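Read the figures in this text as sums done on the coordinates, not as results from a lab. Note that the structure is a prediction, hence the values are computed from the model and not measured. Methodologically, a virtual Cβ is constructed for each residue, glycine included, from the backbone with ideal geometry; neighbour enumeration extends over all protein chains shown.
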Amino acid sequence: MHLIIFSVTLTPRIKYVFNFIFKDILKAEVEFTGNRQYFLQSDQAKISYGEQPLGDELFFKSTALLFSNKVEDFTIKTIKFGDYQVPFPVQDSTLPFDVFAASFFIVSRFEEYLHEKKSSEVFRPSKSYQYKWKLLDKPIIDGWALILKNIIQKKYPAFKFHDKSFSHQPTLNFKISPAAPSGFLLKSKFFFQAIFKKEMNYFGAKFDSVTGLKINHEVLIAEVEKLFVHKKNRPVYFIEFPNVPIEFIQKGKISKFLENRQVGLLRPCTNEAQKAISIKETLLKLKKLYPGQVNLMSQQLEILKFPACYLNLLNSGITSDYSMGYADTPGFRAGTCTAFNWYDLQLEKVTPLSIKPYCITDTALEYLPTKEGLKIIQDYVAIVRFVDGSFYSSWQLKNLSAGLKFKKLKNLFSEMLKYAGN
């Protein structure tokens, strides 16, 4: 038995959000139709989405958002649903709000497109509707999906969903220092390029080495890898490359350590002018160190501008991105803990860019007391585990070193691994 979804008009938005909820989150088999007779005669599990029901199927009343192909401002009404507010209220429906429009609005980051049109400022989590509706700390779309699952199973007891299990995927990021070449001419060229391009990472690394503050990435990676010996998932590493020509990026011990690991680009969209061509140049540096990398990945962290950054990543050949989250605030920016394909609201189509949304970073935990930081980690792991989602987190590699000032974050990382398991 599979699930048949009926709508008079099957728009790209409708197909996208129904596929995301029922196929990606709930692991169900889905069929779409606009044929009334075929739908009514079917003996499969049935859902209709529109103005009124066709028969005795599960009926969800629609609002206008999923039938539109525009990105424009509109007044959003809400109603209370449990302990929080939900948008797009409806009447005479299985649920008192349009759960599919609400899910699409959140996962597509519709409000951030509107923000980009009005302001050049960075979109803050406190400005988001999820924050106002008290939904930011919840993978709310996954939660709504479980409600839908229970409704379907009650109506159609024979309907089966495929199994889905909790997973844990930490990410680690660091910046490598360029290596000064041998020979007077090459060394002179290197220092000139470093100064001209304001690449101070090399000089900073030299200073840290002299003062004893240098972080040894090779030793750290070896220590981190030991923590994952008996775990199913290894961390994903993201590297930020120095702004120097590719000939000054040399293979070293780090390359060997991470040879068989997942490695991606850190901060590929560093500013407004960062175009696909400059991202491709950085990808060449990555491929020089790791020629075997097929699945090209990225992580932005601080600033994620819609849709410019994602478009540039796509045009550069990047297929997976770990930027969906707020670097300084715990929470589910896209309202989900399930990986999803980015929906381009400008072109109104699903893209091949796979988004892995993180909910916690070390930056968000850095200035909290250890006890409070540990509780946040445990609460977020628990809620992701409850919906059988994927718990993504982001950490700076240096914060896992043995230095006294890193002790708290290193301990929190270790506790997270114990609590999250797998």
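Students often get this wrong, so check it: of Lys134/Lys407; Lys77/Lys149; Lys127/Lys305, which have C-alpha atoms separated by over 23 Å? Exceeds cut-off: Lys134/Lys407; Lys77/Lys149. Helix 370-386 and the longest principal axis of the C-alpha atoms of the chain enclose an angle of approximately 40°.
Its Cα gyration tensor gives the chain an equivalent ellipsoid, and the semi-axes of that ellipsoid, as √(5λ) in whole Å with the largest first, are 44, 23, 20. Eigenvalues of the alpha-carbon gyration tensor of segment 63-156, scaled by 5 and square-rooted, set the equivalent ellipsoid semi-axes at 25, 15, 12 angstrom, largest first.
Available extension along the chain between Lys118 and Thr78 is 12.1 nm, counting 0.36 nm per residue and deducting the alpha carbon span. Cross-link partners of Lys160 among aspartates and glutamates, defined as those whose alpha carbon lies under 19 angstrom from its own and excluding same-chain residues fewer than eight positions apart: Asp24, Glu29, Glu31, Asp43, Glu57, Asp142, Asp388.
In percent, rounded to a whole number, the relative contact order of the chain is 17, using alpha-carbon pairs under 8 Å and six or more apart. Helix-only mean residue ellipticity at 222 nm, the chain, DSSP H runs n ≥ 4 weighted -39,500 (n - 2.57), per residue, nearest 500. What is it? The helix-only estimate for the chain comes to -10500 deg cm²/dmol at 222 nm.
Averaging the Cα positions of each part gives two centres, and for segment 149-179 and segment 48-85 these lie 25 Å apart.
Its relative contact order, with pairs defined as Cα atoms under 8 Å and 6+ residues apart, puts segment 64-179 at 16 percent. Once divided by 2.2 N^0.38 Å, the Cα radius of gyration of segment 1-136 becomes 1.14. Along each principal axis, taking the top coordinate minus the bottom one, the Cα set of segment 259-413 gives 44, 34, 30 Å in descending order. Taken as Cα centroids, segment 290-336 and segment 342-375 sit 9 Å apart, rounded to the nearest whole angstrom. Counting neighbouring beta carbons within 10 Å and listing from fewest to most, the residues Val86, Val30, Val229, Val219 come out as Val229, Val219, Val30, Val86.
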